[in-house]
Amino acid sequence: MTDRVALVQGGNRGIGLAFVRQLLADPGFDRVIATCRNPSGAEALRALAADPSLELRRLDVTDEASIAAAAEGVEALHLLLNVSGILHRGDAVQPEKKLAQLDPAAMAEVFAINAFGPALVAKHFARALTRHKEPAVLANLSARVGSVGDNRLGGWYSYRASKAAQNMLTKNLSIEMTRRNPQLVVLALHPGTVDTGLSKPFQRGVPEGKRFDAERAARQLLAICRDATPDDNGCFYDWAGKPVPW
């Protein structure tokens, strides 16, 4: 059996950083690869680099050349977590409350990071997940607000639509990639409301006990990945392992 390798795309902060910490302590993995746009400036991630089982690589999901470069030399993966996402960025990108607020440039940025990015990462790391025929998991961090069936409030046009698009791409991956490795499980995962920079401006009104710290969120999602079987392939689960409607 090959060494078991996990890759966290977007491992420099929030849930991604928590994934890296927990995977380094997981005896089920021999090596962990963490990617981010600027590894030299990722202080929290670099603080973990003294662990010889951790490797840092540069990867920007909006730059396909950087994704291809990050995939070079990665011969086998057993867990790939696509974590990077955007909900807001200063005044340029904000979740829209009404139709009049739609801005094509902001929408394009949100889709590039939330929908196209995970698909392009899968494109370039597909061989590493499928060249072996051992159990493996590709998990894309989605969001319940990307569910068409669960949308009762409207708003947040770009974020909702980008996550819905990501979900469809994830479903496609679950069909094509498992033809090459039937032991691969492709999942969409909703982490809940996590106390990170992404959600911080929008946490008011979150019910007591429904806002998680990053370490708890990572632990819950890794448990789902660890327990996943081929019967779960192509499914959308929340942090508790319950199905989320498409």
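Computed from the coordinates by the stated procedures, all read-outs in this text should not be read as laboratory data. It should be emphasised that the depicted structure is a prediction, and the values quoted were computed from it without experimental measurement. A quick note on method: Cβ atoms are made from the backbone with ideal geometry, for glycine too, and the neighbour counts reach across all protein chains shown.
Against the main long axis of the alpha-carbon atoms of the chain, helix 14-24 sits at an angle near 20°.
Please give the net charge around Ala92, taking every other residue with its beta carbon less than 14 angstrom from that of Ala92, where Lys and Arg add +1 and Asp and Glu add -1.
That sum, taken over residues with Cβ under 14 Å, equals -3.
Counting 0.36 nm for each residue step from Ala65 to Asp227 and taking away their Cα separation leaves a gain of 55.0 nm. 3J(HN,Hα) along region 107-113, derived from phi through the Karplus expression 6.51 cos²θ - 1.76 cosθ + 1.60 where θ = phi - 60°, amounts to 4, 5, 5, 5, 5, 4, 7 Hz, with x in place of Gly and Pro.
Were the residues from Ala25 through Ala105 laid out at 0.36 nm apart, the gain over their Cα-Cα distance would be 24.7 nm. Helix-derived [θ] at 222 nm for the chain: sum -39500 (n - 2.57) over DSSP H runs of at least 4, divide by residue count, nearest 500? Here the helix-only value at 222 nm equals -10000 deg cm²/dmol.
Using θ = phi - 60° in the Karplus curve 6.51 cos²θ - 1.76 cosθ + 1.60, the 3J(HN,Hα) couplings for region 146-156 round to x, 7, 5, x, 9, 7, 10, 10, x, x, 6 Hz; x is entered for Gly and Pro. Residue pairs exceeding 25 angstrom between C-alpha atoms, taken from Lys97/Lys171; Lys133/Lys171; Lys123/Lys163; Lys123/Lys242; Lys98/Lys123: Lys97/Lys171; Lys123/Lys242; Lys98/Lys123. DSSP beta bridges fully contained in the chain are about 5 percent antiparallel.
Around the amide H of Ile33, modelled in the peptide plane, lie the amide H atoms of Ala6, Leu7, Val8, Glu55, all under 5 Å away and 5 or more residues distant in sequence or on another chain. If the chain linking Ser53 and Glu75 were pulled fully straight, counting 0.36 nm for each residue of separation and taking away their Cα-Cα distance, it would gain 6.3 nm.
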